[in-house]
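Student: Pasting a structure here, questions to come.
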């Protein structure tokens, strides 16, 4: 079963005659364990695509299916519940709460979902170790570098054991070397856990190290390029560096 599928995805903003068409009937499927990049110029529909897939907004037309569930049939409470259990988010500007420690930021998505707190903390500790920051659990964001903050954000995106992780320019606020390291980390987690990743990036070099490159232009999907496995094998063995 695909991790995610969109059919005829369309999104309009505003009303005629000033209506803006952000997405124009996009069809796309991402299978379990795929790592996919979306590229395109500003205004091509990349972020709108993530917002629709992430159930942050409803499309004007078309369908978004997550794990086979037609999300268009769900009410807002059901959409929020599905989002909290099936989707992880990584943002360009980290979006960590400055008053919380690294550990508490990772646990934040679980605050309102209930469950075993001890088990959640054990998973958060494992994720801190996975991203190479086990010794930073009690540090606040201001005590961490940009790369370390984004590693905490990556761990946070995985705390609910999602099917799909969405990243909106997740390497946009760090230098080139750190961006390469973060991609390597995400690829390693992707390979080990088979969680699917869908990221927006303006960096074509980083995009070339994913499984597929989706190109959008003016709301249309104009290219879907599947990359040869040998082109991305280097990142599956990338270590986590500070």
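Student: Based on this model, can you work out whether residue 14 counts as more than 16 Å from the chain's Cα centre (by Cα), on the phi > 0 side of the Ramachandran plot and surrounded by fewer than 22 Cβ atoms within 10 Å (Cβ to Cβ)?
Tutor: Values: more than 16 Å from the chain's Cα centre (by Cα): yes; on the phi > 0 side of the Ramachandran plot: yes; surrounded by fewer than 22 Cβ atoms within 10 Å (Cβ to Cβ): yes.
In short, yes.
Student: Let me ask something else. Would you be able to say whether some residue in the range 83-103 is farther than 23 Å from residue 29 by Cβ, modelled with pLDDT under 95, touching a helix residue (DSSP H, G or I) at 6+ places or on another chain (Cβ under 8 Å) and loosely packed, with under 15 Cβ neighbours inside 10 Å?
Tutor: Yes.
Student: In addition: Within the bounds of the range 34-47, is there any residue that is free of Cβ contacts under 8 Å to residues at least 60 places away in the same chain, in a strand (DSSP E or B) and touching a strand residue (DSSP E or B) at 6+ places or on another chain (Cβ under 7 Å)?
Tutor: Residues of the range 34-47 free of Cβ contacts under 8 Å to residues at least 60 places away in the same chain: 42.
Still in the running and in a strand (DSSP E or B): none.
No: zero hits.
Student: For the range 69-153, list the helices (runs of 4 or more DSSP H) that sit wholly inside it and hold at least 3 residues that are under 19 Å from residue 50 (Cα atoms); which are they? Before the answer, list the steps.
Tutor: Numbers: elements: 76-86, 102-107, 117-130.
Correct list: 76-86.
Student: What residue, of 191, 167, 184, 147, is over 16 Å from residue 92 (Cβ atoms) and surrounded by 17 or more Cβ atoms within 10 Å (Cβ to Cβ)? Explain how you work it out, then say what you get.
Tutor: Details: 191 fails: surrounded by 17 or more Cβ atoms within 10 Å (Cβ to Cβ); 167 fails: over 16 Å from residue 92 (Cβ atoms); 147 fails: over 16 Å from residue 92 (Cβ atoms).
Step by step, each of 191, 167, 184, 147 is checked, and only 184 is over 16 Å from residue 92 (Cβ atoms) and surrounded by 17 or more Cβ atoms within 10 Å (Cβ to Cβ).
Student: Another question, then. Show the residue pairs that are 6+ apart or on different chains and have beta-carbon atoms under 7 Å apart, the first residue being within the range 1-28 and within 14 Å of residue 72 (Cβ to Cβ), the second being part of a loop (DSSP other than H, G, I, E, B).
Tutor: 9/59; 10/59; 10/60; 11/59; 11/60
Student: Test residue 56 against the criterion of being in a strand (DSSP E or B) and touching a helix residue (DSSP H, G or I) at 6+ places or on another chain (Cβ under 9 Å), and give yes or no.
Tutor: Working: in a strand (DSSP E or B): no; touching a helix residue (DSSP H, G or I) at 6+ places or on another chain (Cβ under 9 Å): yes.
The answer is no for residue 56.
Student: Looking at the range 74-82, can you tell me whether even one residue there is touching a strand residue (DSSP E or B) at 6+ places or on another chain (Cβ under 8 Å) and surrounded by 15 or more Cβ atoms within 10 Å (Cβ to Cβ)? Working first, answer last.
Tutor: Residues of the range 74-82 touching a strand residue (DSSP E or B) at 6+ places or on another chain (Cβ under 8 Å): 82.
Okay, now just the ones that are also surrounded by 15 or more Cβ atoms within 10 Å (Cβ to Cβ), so 82.
Scanning the range 74-82 turns up at least one residue that is touching a strand residue (DSSP E or B) at 6+ places or on another chain (Cβ under 8 Å) and surrounded by 15 or more Cβ atoms within 10 Å (Cβ to Cβ).
Student: Right, residue 173: surrounded by 16 or more Cβ atoms within 10 Å (Cβ to Cβ), modelled with pLDDT under 90 and either closer than 17 Å to residue 152 by Cα or touching a strand residue (DSSP E or B) at 6+ places or on another chain (Cβ under 6 Å) (or both) or not? I'd like the intermediate steps shown before the answer.
Tutor: Values: surrounded by 16 or more Cβ atoms within 10 Å (Cβ to Cβ): yes; modelled with pLDDT under 90: yes; either closer than 17 Å to residue 152 by Cα or touching a strand residue (DSSP E or B) at 6+ places or on another chain (Cβ under 6 Å) (or both): yes.
Yes, satisfied.
The values are calculated or read from the model by the stated rules, or taken from the named source; none is laboratory data. No experiment lies behind these values; they were computed from the predicted model shown. Here Cβ is always computed from backbone atoms with ideal geometry, including for glycine, and neighbour counts include all displayed protein chains.
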